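Below you'll find the structure, written out as structure tokens, and then a few comments.
FYI, it's all coordinate maths here, none of it is from the lab. Only a predicted model underlies this, so the values are computations on that prediction, with no experimental measurement involved. Because the Cβ atoms are built from the backbone with ideal geometry, glycine has one as well, and the counts that use them run over all protein chains shown.
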């Protein structure tokens, strides 16, 4: 498996098998069992069909609009079966993040790097997957209610809440998963696209 834009942890937070994680830089030591590779998602240094699957989660919104299709094409080139792309999508999601960013500014608090980067470009949409080769089928579904995303980001502004929320997945994973499913409803903040080879 390949993860594009993995950062230092990526799938290693919950996936216990070796995988290749690539990013343009690793600010911390990558966590095992990731095999880190420094590269751009737009120029993957792997042969065609090198991986059974590829994933790019919360990556495309950080990529300049003119390069997003290049990243998708590269992911499809190196995968044999499927690629999964998840990202905040649409004007409402962008406006929600803009509102959160504005609140950080009002508090004279530094916004997280990911949020600052979200302000650079309009969010991607389903049009990125139009016109793909007939070798591929595309399915999609929504993820994370807009208000829940706003609430969660707002709570993460507080250091105590941030620590508490960081511990939850380790302490109560099953109840947390059930609770998160309850907030997976429209209007969605994020869309997940599953591109499968025919």
**Asked** With N residues in the stretch 68-153, what two-decimal value do you get for its Cα radius of gyration over 2.2 N^0.38 Å?
**Response** 1.32
**Request:** Counting other beta carbons within 10 Å of each Cβ, put 174, 40 in order, fewest first.
**Result:** 174, 40
**Request:** State the extension gain, in nm to one decimal, for the chain segment bounded by residue 103 and residue 64, taking 0.36 nm per residue of separation less the distance between their alpha-carbons.
**Result:** 11.5 nm
**Fill in**
Tilt, helix 146-155 to longest principal axis of the chain (alpha-carbon atoms), in degrees rounded to tens, equals 60 degrees
**Request:** Just rank 3, 74, 127, fewest to most, by other beta-carbon atoms within 10 angstrom.
**Result:** 127, 74, 3
**Item:** Options [x] 9, 36, 36, 15, 4, 0; [y] 8, 31, 39, 19, 2, 0; [z] 10, 40, 36, 12, 2, 0 - which one matches P(r) over Cα pairs in 10 Å bins from 0, in percent as calculated here
**Value:** [y]
**Asked** So how tilted is helix 173-182 from the main axis of the chain? Cα-based, degrees 0 to 90, rounded to 10.
**Response** 90 degrees
**Asked** By counting other Cβ atoms within 10 Å of each Cβ, how are 113, 184 ranked from fewest to most?
**Response** 113, 184
**Message:** So if I take the centroid of the Cα atoms in the stretch 34-60 and the same for the stretch 131-171, what is the distance between those two points in Å?
**Reply:** 22 Å
**Request:** For n ≥ 4 DSSP H runs only, could you compute -39500 (n - 2.57) per run for the chain, divide by its residues and tell me the 222 nm figure to the nearest 500?
**Result:** -10000 deg cm²/dmol
**Message:** Given an 8 Å cut-off on Cα distances and at least 6 residues of separation, report the relative contact order of the stretch 94-181 as a percent.
**Reply:** 27 percent
**Prompt:** What order, most packed first, do the peptides 139-146, 51-58 have when packing is the mean number of other Cβ atoms within 10 Å of each residue?
**Reply:** 51-58, 139-146
**Message:** Just to confirm the number: angle between the C-alpha axis of helix 91-106 and the first principal axis of the chain, 0 to 90 degrees, nearest 10?
**Reply:** 50 degrees
